[in-house]
Amino acid sequence: MSAPHSEVDLGFTARKHSAGTHMCLIFQDEKERRKIISKFLEKGLLEHEKVAYFADVMTREEVIKWLQGCEIDITEAITASDLEIQDSITAYCSGGKFVPAVMLERLKTFYNDFVANGYKHGRVSGEMSWALKGIPGSERLMEYEAWVNEVFKTHPITAICQYDANKFSGTVIMDVLRVHPMMIVRGQIVHNPYYMTTEMFLKEFSTRD
């Protein structure tokens with residue numbers, strides 16, 4: 001069973017980090033994004049972790065083609081169910097709307113399933129630009145991101161949430177920083193000085209117009 005405080009190799013940095021680390025990658029450079037995320041996914045597969053990727057800008061086929069350059073046989077990883085690739089709207093918005101509680105339960109199920117199936121750990125990454133498409137409930141994304149920190153305390157999944165700074169407003173990006181304990185800066189993991197506890201953020205969030 002995956003231990004809450006065991007460490008995992010993220011692939012793009014030499015230092016290991018605790019399973020259950022919730023990170024944001026706020027990017028402007030697509031080349032840098034692909035380099036970091038491909039190493040993150042590849043290392044998970046090499047370490048016999050359950051890996052999931054939620055694509056928005058890229059199609060499932062484009063993600064597969066992109067990852068073909070990894071050391072791992074991506075086709076075999078998908079066939080063996082080691083790697084799952086879904087479009088973000090399907091992953092996050094069951095029934096055509098985004099409900100934080102539903103997605104949080106899905107994360108718990110993902111954790112329970114990979115533990116039951118003998119995986120060492122589990123990691124996920126999602127392209128968050130789906131939230132800009134006007135899907136009902138998407139305005140609750142930051143509320144969801146805050147609650148993820150609580151879920152990961154009991155169901156430690158290692159996650160990178162990808163936010164394109166060219167698409168999201170400065171206000172949203174600031175909220176992204178407030179709900180992710182760790183951030184990726186120039187390929188390194190750093191403690192986020194803007195992070196707020198779940199309780200503090202949700203209290204503030206609930207008072208907004």
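A few points about this structure:
- Test result for Glu105, within 18 Å of the chain's Cα centre (by Cα) and within 21 Å of Gly187 (Cα to Cα): no
- Residues in segment 109-131 that are of a type in the set (Ser, Thr, Tyr) and either within 14 Å of the chain's Cα centre (by Cα) or under 17 Å from Arg33 (Cβ atoms) (or both): Tyr111, Ser125, Ser129.
- Only one of the listed residues (Asn112, Asn149, Asn192) is farther than 28 Å from Ser81 by Cα and among the polar types (S, T, N, Q). That residue is Asn192.
- At least 2 residues being at pLDDT 95 or above, touching a Phe, Trp or Tyr at 6+ places or on another chain (Cβ under 6 Å) and farther than 22 Å from Ala19 by Cβ is the threshold, and among the helices (runs of 4 or more DSSP H) wholly inside segment 114-209 those reaching it are 170-179.
- Selection of segment 142-170 for residues being farther than 18 Å from Ile184 by Cα and touching a strand residue (DSSP E or B) at 6+ places or on another chain (Cβ under 8 Å) yields Phe152, Pro156.
- If you go through segment 37-52 and pick out every residue that is in contact (Cβ under 8 Å) with a residue 60 or more places away in the chain and buried (at least 21 other Cβ atoms within 10 Å of the Cβ), you end up with 8.
- One residue stands out among those in segment 168-178 that are without any contact (Cβ under 8 Å) to a residue 60 or more places away in the chain and β-branched (Val, Ile, Thr): the one that is nearest to Ser138 (Cα to Cα), which is Val172.
- Unique residue being small (Gly, Ala, Ser), touching a residue at least 12 places away in the same chain (Cβ under 8 Å) and in contact with a helix residue (DSSP H, G or I) (Cβ under 7 Å, 6 or more places away or on another chain) when the list is Ala55, Ala19: Ala55
- Residue list for segment 20-71, restricted to those being among the basic types (Lys, Arg) and touching a strand residue (DSSP E or B) at 6+ places or on another chain (Cβ under 7 Å): Arg33, Lys50, Arg60
- Only a single item in (1) surrounded by fewer than 20 Cβ atoms within 10 Å (Cβ to Cβ); (2) modelled with pLDDT under 95; (3) farther than 15 Å from Ser125 by Cβ is not met by Ser2, and it is number (1).
- Looking only at segment 49-103, and only at residues there that are among the acidic types (Asp, Glu) and part of a loop (DSSP other than H, G, I, E, B), the one that is nearest to Thr158 (Cα to Cα): Glu49
- Counting the residues of segment 127-141 that are surrounded by fewer than 20 Cβ atoms within 10 Å (Cβ to Cβ) and under 21 Å from Ile184 (Cα atoms) gives 1.
- Sole exception among (1) surrounded by fewer than 18 Cβ atoms within 10 Å (Cβ to Cβ); (2) over 14 Å from the mean Cα position of the chain (by Cα); (3) not acidic (Asp, Glu) for Phe98, by number: (1)
The values are calculated or read from the model by the stated rules, or taken from the named source; none is laboratory data. Predicted model, so just to flag it, every value in this text is computed and none were measured. Backbone-built Cβ (ideal geometry, glycine too); neighbour counts: all protein chains shown.
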